[in-house]
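Asker: Once you've had a glance at the structure underneath, I'll fire off some questions.
FYI, it's all coordinate maths here, none of it is from the lab. Model, not experiment: these values are computed from the prediction. Here Cβ is always computed from backbone atoms with ideal geometry, including for glycine, and neighbour counts include all displayed protein chains.
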Ligand SMILES: Cc1cc2nc3c(=O)[nH]c(=O)nc-3n(C[C@H](O)[C@H](O)[C@H](O)COP(=O)(O)OP(=O)(O)OC[C@H]3O[C@@H](n4cnc5c(N)ncnc54)[C@H](O)[C@@H]3O)c2cc1C
């Protein structure tokens with residue numbers, strides 16, 4: 001049962017920030033409601049006020065310039081999935097969105113709702129961290145921009161203050177000889193990841209790996225950067241044993257739990273395999289870009 005609350009519907013971002021500032025100790029933001037309503041219905045979250053930002057058109061946009069891609073907070077998954085520009089410039093994002101939830105959820109759920117929910121099994125956070133994304137937060141006090149990598153602080157916890165909301169996701173322009181790949185393992189098509197791995201690889205002219213990011217989903221309480229795997233790759237040339245080493249390193253960097261979906265050992269095995277495959281895929285695409 002959902003407990004009673006007062007529903008507030010701001011007409012502008014400024015109005016939303018003012019409401020948030022006034023009710024910060026007793027309110028929650030709702031956008032698409034795809035995740036929030038589940039936890040409210042389960043009685044895991046009780047709030048006095050709900051501030052509905054879904055109608056804020058000023059936060060629904062996709063823009064690209066020399067600074068890179070900017071996606072407004074209330075932009076839906078489906079809008080990202082069907083953006084021709086994103087498909088051209090950040091194909092991994094479109095690929096991720098196509099396998100994220102059902103089309104019904106994608107039609108209504110938003111990028112900021114997905115990221116702010118702080119579920120470590122989410123697909124977008126690891127992909128966006130591999131893309132070196134930042135998140136712009138706004139409050140009545142002003143704005144700040146945080147690397148997405150630093151946004152996650154614990155189980156369903158983020159660096160957002162009580163009076164802040166996410167207004168934009170920022171992704172730098174694609175770099176030459178760089179590619180990003182993401183794959184999740186799940187038993188039901190388009191379900192949440194049992195584990196997922198994003199890999200970003202930049203290749204030097206000589207063919208060696210110049211930079212690498214390996215980011216894991218559902219392998220701990222937050223998205224995890226597998227730094228030992230990244231260190232194993234940088235400066236090396238692509239080879240089978242190197243992929244195996246990176247996979248083992250990523251598996252060691254992970255901190256997965258055993259639950260009804262998979263044991264800890266099985267998750268570590270999956271991380272090993274997916275890291276090998278995603279690094280190989282990103283490396284191949286980067287070499288030919
Ligand atoms: C059946 C199902 C399957 C799913 N499968 C996947 C999947 O495969 N992969 C995946 O990554 N996700 C999956 N999801 C999660 C889904 O992507 C999210 O539910 C959705 O994106 C959340 O967006 P929303 O706008 O509905 O957020 P809401 O549910 O409205 O909000 C979610 C949380 O974010 C906060 N919030 C929302 N917007 C803001 C903002 N602008 N600033 C600050 N806080 C904000 C809310 O307060 C709440 O805590 C699934 C969800 C469902 C229901």
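Asker: Hey, among 286, 219, 246, which residue is touching a strand residue (DSSP E or B) at 6+ places or on another chain (Cβ under 6 Å) and more than 16 Å from the ligand (Cβ to nearest atom)?
Answerer: The unique qualifying residue is 286.
Asker: A follow-up question, please. Quick one: in region 1-34, of everything that is more than 26 Å from the chain's Cα centre (by Cα) and assigned to a strand (DSSP E or B), which residue is surrounded by the fewest Cβ atoms within 10 Å (Cβ to Cβ)?
Answerer: 7
Asker: Based on this model, can you work out whether residue 277 counts as at negative phi, surrounded by fewer than 23 Cβ atoms within 10 Å (Cβ to Cβ), in contact (Cβ under 8 Å) with a residue 60 or more places away in the chain and part of a helix (DSSP H, G or I)?
Answerer: Yes; evaluated as a whole, the condition is true for this residue.
Asker: If you don't mind, there's one more thing I want to ask. Please find, within region 35-72, the residue that is surrounded by the most Cβ atoms within 10 Å (Cβ to Cβ) out of those that are under 30 Å from residue 132 (Cβ atoms) and over 21 Å from the mean Cα position of the chain (by Cα).
Answerer: This residue is 56.
Asker: Would you mind listing the helices (runs of 4 or more DSSP H) fully within region 93-175 where at least 1 residues are under 12 Å from the mean Cα position of the chain (by Cα) and within 11 Å of the ligand (Cβ to nearest atom)?
Answerer: It comes to 111-117, 124-130.
Asker: Can I ask one more? Considering only residues of region 35-62 that are away from the ligand (no atom under 11 Å from the Cβ) and in a strand (DSSP E or B), which is farthest from residue 169 (Cα to Cα)?
Answerer: This residue is 49.
Asker: Same structure, new question: Would you check if there is a residue in region 178-192 being in contact (Cβ under 8 Å) with a residue 60 or more places away in the chain, buried (at least 22 other Cβ atoms within 10 Å of the Cβ), out of contact with any helix residue (DSSP H, G or I) (no Cβ under 7 Å at 6 or more places or on another chain) and outside any loop (DSSP other than H, G, I, E, B)?
Answerer: Yes, some residue in region 178-192 is in contact (Cβ under 8 Å) with a residue 60 or more places away in the chain, buried (at least 22 other Cβ atoms within 10 Å of the Cβ), out of contact with any helix residue (DSSP H, G or I) (no Cβ under 7 Å at 6 or more places or on another chain) and outside any loop (DSSP other than H, G, I, E, B).
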